[in-house]
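Heads up: the structure comes next, in structure tokens.
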DNA sequence: CTGTATCCACAACGATACTG
DNA sequence: CAGTATCGTTGTGGATACAG
């Protein structure tokens, strides 16, 4: 694949007991990671606070931490779009976008089998 | 798929900031959970140590802990198949089996995008 | 606006040992 | 065979405050 930036692909998946399932689980099982990717998938590139608002419930520290982690894994891309009023834009890399199938499958399963019981009076119909 | 008999759904998914993606991520993002489910999917019902061998790398404590968690979430079923030589059998519930699509999607993505040095002859050691 | 700095709480993981 | 008990380490998440 053609890399979009100066970043070379880090082999962050290395391990003795390598298992694609475990590796993927550790990647998207960080509570916020899949949601962040999903929001980016749905709303396109976003700034830090816009993303924070979309995710809803995450703290700055955790979002910052997650973003850094996702960037290291070349799943998202960080671009400075303005220096004066310092503005940043987070977007998905092709690799990040490729997670759509997994995320959607997770969402679908969650909606089907986890049953939001939160408001089952009207929306479940 | 018509399960429809499972009306006693435990609401272990309840939460204020409910999100099917997050909920599913927390469920299968426990490092070993998806692997356990996958092994059960592939090899059918297994005993404790057989499962431990299949997962490979997990400790008794963690497996026991994971199993208990998965059982609580009605994803796996524990059945005592022998009292004298104490034997137990772990199997997937319909709900657990329904995770196959997600697990497979994760595995597929991991194999495609995480690139196990296995395929490329890069012994990362 | 975009984050970092602390600090803390709690859960997860792991190794070892031990029991029925 | 099928776990439990312990203990310690690390990781993850969260609140608040502050900085460039």
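The values are calculated or read from the model by the stated rules, or taken from the named source; none is laboratory data. Being a predicted model, the structure only gives us computed values, none of them experimental. In this analysis, Cβ positions are derived from the backbone assuming ideal geometry, glycine residues included, and neighbour counts consider all displayed protein chains.
A single entry from A:61, A:31 fulfils the requirement of being within 12 Å of DNA strand C (Cβ to nearest atom), facing chain B (nearest Cβ under 9 Å) and surrounded by fewer than 21 Cβ atoms within 10 Å (Cβ to Cβ): A:31. Could we say that residue B:76 is more than 10 Å from DNA strand D (Cβ to nearest atom), more than 11 Å from every other protein chain (Cβ to nearest Cβ), under 17 Å from residue A:109 (Cα atoms) and modelled with pLDDT of 95 or more here? The answer is yes for residue B:76. Among residues of segment B:55-73 that are under 14 Å from residue B:40 (Cβ atoms) and in contact (Cβ under 8 Å) with a residue 24 or more places away in the chain, those with a Cβ under 8 angstrom from a residue that is part of a helix (DSSP H, G or I) and within 7 Å of DNA strand C (Cβ to nearest atom), sequence gap 6+ or separate chain, pair up as B:58/B:66.
Sub-7 Å Cβ pairs linking a first residue in segment A:32-52 that is closer than 14 Å to residue A:96 by Cα and touching a residue at least 40 places away in the same chain (Cβ under 8 Å) to a second residue that is away from DNA strand D (no atom under 11 Å from the Cβ) and assigned to a loop (DSSP other than H, G, I, E, B), at least 6 apart or interchain, are A:37/A:75; A:37/A:99, ordered by first then second residue.
Within segment A:96-120, residues that are more than 27 Å from residue A:77 (Cβ to Cβ) and more than 7 Å from every other protein chain (Cβ to nearest Cβ) have Cβ atoms under 9 Å from residues that are surrounded by fewer than 18 Cβ atoms within 10 Å (Cβ to Cβ) and modelled with pLDDT of 95 or more in these pairs: A:112/B:98, counting only partners at least 6 apart in sequence or on another chain.
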